[in-house]
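**Student:** The structure follows.
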Amino acid sequence: MAESNDGAERSQEPTQKRREQAQRDGQILTSKEMMVFATMGAGTLALLILQSFGPQAALRWSAQLMLGDSATLDAVLLPSVVSAGWQVLAASLIVAGPVMVAAIAAQAAMGGIAWTPKGYAFKPNKMDPLKGLKRMVSMTALVELGKAVAKVVLLAAVALAVTAGAMPQIMGLGWMTTGDAMEIMAGLILRFFFAMTLMLGVIGAVDLYWQAHSRNKQLRMTLAEVKREHREDNGSPEQKGKLRRMQMDASRRGARERAALPEVQTASVVVTNPRHFAVALRYRPGEDEAPQVVASGRDGMALQVRDLARKAGVPLLELPPLARALYFTGEIGTQIDPRLYGTVATVLAHVWRIDRGMAEDLPPVDLPPDMRFDANGRRASG
C-alpha cells in the first residue's frame, strides 16, 4: 500500500491499549506448531518414564490374560479383562496428563489464556464464499501451505535418518528373542520421538516468530488512530487547556481564601452549608454601602472559617442554599451580588436582634430562582 499524506497507512506500532483490547477480544498470540512441540515433548518424557516400568507393567498386564483351565474360565474372564483395562487406562493417563498440562502451559507462556465470548461468537462474514475464496488465495494461505510442505519434508527426513541408522538392528529382530526385540524396538521408538521432538521445536520456534510478526502487523495502527487514542486517553488540547485554567483559578482562589482567614474575626455573620461551604459577611451601617464577603472557604477551608468564627464569637447560621449562592457569586473583598441584598438583609436583621437579646427563630429565607446552585456550582434552575 502506498503511503498517503493523511496517515491512512498502518505504519505505527500498536499501543499497549490496542494490544490489551486485542487480548480481550481473543486475539492472542498462539502457534499450532509450538503446541505440537510442547505436547510431543511431554509425551516423549512420559514414554521415557514408562520405559523403566515397562517390563514390570507388561508382566502384570500379561498375567491378567492367563485365564487357567476351562472350568474356571467363566469366573475369571470378566475380572481379568477389567483389571487389564484399568492398567491400560492408568498408563494412558500417565501420558495424557503431562501432555494436557504441557499444552496449557505452552499457550500460557506464548500469549496467555483468554476466555472471551467474542472468540466463539457467530461471524456471518465467515459464511461469505467470496471472502472464503479470498482467504484461500491470500498470502497467509500461501505461507501456511509452505509451512505444511516444509514440515512434512523435514519430519520425513528425520524419520528416514533415524530409521536408516537403526536398519542393522531392525534387520536382526527376526533372530532375537521377544524380550530383546521389544527392548530394541522401545529404544528405537524413543530415539524416533526424541528426533521428531527436536525438529518440531525448531519448526515451532520459526512458526512462533512468524505468528508474532503477523499479529503485530495485524494490530498496527494508522497515525490518525494513534492520535485519536492519545486524545481519548489524555483529552484534547482544548480540554487540557480548560482544565489547566480551572486548576489555576482554583489555586488562586485557594490562596486568596487562606490570606483572608484573619478577616473572619471582623465579620458580622458566617453563613454555612453546614460543612462544605462557609462565607463570612461584614456589614457596618454608615460605613459599608452593602454587605461584603470578607472570607470564604470550601471543605477544609470552610472548616477553618467556622473554627475562627467560633473563637471570635461571630454568629454561625446554617443556610445551605444561601451559602452556596454567596460562595459561587461573590469574591473576597467585594460586595455581595445585588440579587442577594434582600435575603442577606433578612439574615443581618436576625443577627442584630439576637445580639440585643431578642431571641427568635430565623424567618424564612428565600432566594431568587437564578441564585440557586448545587454543590458543583451549577444553577439549579434558570
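Residue by residue, here is whether (1) out of contact with any helix residue (DSSP H, G or I) (no Cβ under 6 Å at 6 or more places or on another chain); (2) over 30 Å from V149 (Cα atoms); (3) hydrophobic (A, V, I, L, M, F, W, C); (4) in contact (Cβ under 8 Å) with a residue 60 or more places away in the chain holds:
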{"site": "L200", "(1), (2), (3), (4)": "no, no, yes, yes"}
{"site": "W210", "(1), (2), (3), (4)": "yes, no, yes, yes"}
{"site": "H213", "(1), (2), (3), (4)": "yes, no, no, no"}
{"site": "H230", "(1), (2), (3), (4)": "yes, yes, no, no"}
{"site": "K240", "(1), (2), (3), (4)": "yes, yes, no, no"}
{"site": "L243", "(1), (2), (3), (4)": "yes, yes, yes, no"}
{"site": "A255", "(1), (2), (3), (4)": "yes, yes, yes, no"}
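**Student:** Only one of (1) outside any helix (DSSP H, G or I); (2) within 25 Å of G254 (Cα to Cα); (3) among the β-branched types (V, I, T) fails for V344. Which number is that?
**Tutor:** Condition (1) is where V344 drops out.
**Student:** Next question. Of these, R379, R298, which one is farther than 19 Å from P262 by Cα and either touching a strand residue (DSSP E or B) at 6+ places or on another chain (Cβ under 7 Å) or surrounded by 21 or more Cβ atoms within 10 Å (Cβ to Cβ) (or both)?
**Tutor:** That would be R379, the only listed residue that is farther than 19 Å from P262 by Cα and either touching a strand residue (DSSP E or B) at 6+ places or on another chain (Cβ under 7 Å) or surrounded by 21 or more Cβ atoms within 10 Å (Cβ to Cβ) (or both).
**Student:** Pick from A224, A205: which is hydrophobic (A, V, I, L, M, F, W, C), part of a helix (DSSP H, G or I), in the same structural domain as E33 (by TED's automatic domain parsing) and within 30 Å of E9 (Cα to Cα)?
**Tutor:** Working: A224 fails: in the same structural domain as E33 (by TED's automatic domain parsing).
Going through A224, A205 in turn, the sole match is A205.
**Student:** From the list L145, L160, L154, which one is modelled with pLDDT under 85 and either in a helix (DSSP H, G or I) or among the polar types (S, T, N, Q) (or both)?
**Tutor:** Within the list L145, L160, L154, the selection yields L145.
**Student:** Take the residues of region 347-372 that are among the acidic types (D, E) and not in a helix (DSSP H, G or I): which is farthest from S296 (Cα to Cα)?
**Tutor:** E360
**Student:** Further question: Among the residues in region 248-265, are any under 38 Å from the mean Cα position of the chain (by Cα), over 27 Å from G297 (Cα atoms) and of a type in the set (A, V, I, L, M, F, W, C)?
**Tutor:** no
**Student:** Sticking with this structure for a sec: One residue is enough: does region 263-277 have a residue meeting the conditions farther than 28 Å from A349 by Cβ and surrounded by 13 or more Cβ atoms within 10 Å (Cβ to Cβ)?
**Tutor:** No, that holds for no residue.
**Student:** Would it be correct to say that V202 is out of contact with any strand residue (DSSP E or B) (no Cβ under 7 Å at 6 or more places or on another chain), within 30 Å of M139 (Cα to Cα) and among the β-branched types (V, I, T)?
**Tutor:** When the stated conditions are applied, V202 passes them.
**Student:** Related question: Looking only at region 146-162, how many residues end up being over 11 Å from I203 (Cβ atoms) and surrounded by 14 or more Cβ atoms within 10 Å (Cβ to Cβ)?
**Tutor:** Qualifying residue count, region 146-162: 2.
**Student:** Taking the stated definitions as given, is Y327 touching a residue at least 24 places away in the same chain (Cβ under 8 Å), in a helix (DSSP H, G or I), surrounded by fewer than 18 Cβ atoms within 10 Å (Cβ to Cβ) and in the same structural domain as E287 (by TED's automatic domain parsing)?
**Tutor:** Answer is no for this residue.
Listed here are the residues, each with its yes/no results for (1) over 27 Å from M199 (Cα atoms); (2) modelled with pLDDT under 70.
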{"position": "R24", "(1), (2)": "yes, no"}
{"position": "T30", "(1), (2)": "no, no"}
{"position": "A42", "(1), (2)": "no, no"}
{"position": "I49", "(1), (2)": "no, no"}
{"position": "G54", "(1), (2)": "no, yes"}
{"position": "S70", "(1), (2)": "yes, yes"}
{"position": "V82", "(1), (2)": "yes, no"}
{"position": "S92", "(1), (2)": "no, no"}
{"position": "A96", "(1), (2)": "no, no"}
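**Student:** Same structure, new question: Name the pairs: first residue in region 334-360 and closer than 13 Å to V293 by Cβ, second residue among the small types (G, A, S) and assigned to a loop (DSSP other than H, G, I, E, B), Cβ to Cβ under 6 Å, at least 6 apart or on different chains?
**Tutor:** Q335/A290; I336/G330
**Student:** In this structure, is V271 assigned to a helix (DSSP H, G or I) and of a type in the set (A, V, I, L, M)?
**Tutor:** no
**Student:** Under the condition of being within 25 Å of Q16 (Cα to Cα) and among the basic types (K, R), which residue from region 226-250 is modelled with the lowest pLDDT?
**Tutor:** Here the residue is K240.
The values are calculated or read from the model by the stated rules, or taken from the named source; none is laboratory data. Nothing here was measured: the structure is a model prediction, and the numbers come from that model. Positions of Cβ are backbone-derived with ideal geometry, glycine not excepted, and every protein chain shown enters the neighbour counts.
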